[in-house]
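Everything below concerns the one structure shown next.
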Amino acid sequence: MSSSDVRRAMLKLIDALTNEAFRTEAIADELVRVAEAFSGQPGADAIRDTARRQRVRALELRGQLAALRTEYAVRFLPES
């Protein structure tokens, strides 16, 4: 695999992680709104728990993204 192939693959993965993090955050936001709408009703706590898990997953994705961006910068961006 050439350097340009690795670079393209890393950029593609960065885009995929970015999109997945945004989608996961959007799902968490929607779940929070639903939980608020059903506040005090059966299932609201379960929806809130699911929203929390989605937030954690989004943070995990953001961490992976930060690590990948750092690795990309080390490999492919010239030092200033």
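The values are calculated or read from the model by the stated rules, or taken from the named source; none is laboratory data. From a predicted model like this one, the values you see are computed outputs, not experimental measurements. Counting neighbours? That spans all protein chains shown, and the Cβs are built from the backbone with ideal geometry, glycine included. Heavy atoms of the whole protein, side chains included, go into the accessibility calculation; ligands, DNA and RNA do not. Shrake-Rupley method; radii C 1.70, N 1.55, O 1.52, S 1.80 Å.
According to the calculation over all Cα-Cα pairs in the stretch 1-45, the P(r) per 10 Å bin from zero is 26, 25, 19, 15, 11, 4 %. The charge dipole of the chain, taken about the Cα centre with unit charges on the Cβ atoms of Lys, Arg (+1) and Asp, Glu (-1), comes to about 140 debye, rounded to the nearest 20. Ligands, DNA and RNA are left out, and with a 1.4 angstrom probe the accessible area of the chain is 72 Å² per residue. Farthest towards the positive end of the charge dipole of the chain, among the residues Leu61, Ser39, Leu13, is the Cα of Leu13, using unit charges on the Cβ of Lys, Arg, Asp and Glu.
Applying 1/(1 + (r/R0)^6) with r as the Cβ-Cβ distance of Tyr72 and Ile27 and R0 = 22 angstrom yields a FRET efficiency of 0.25.
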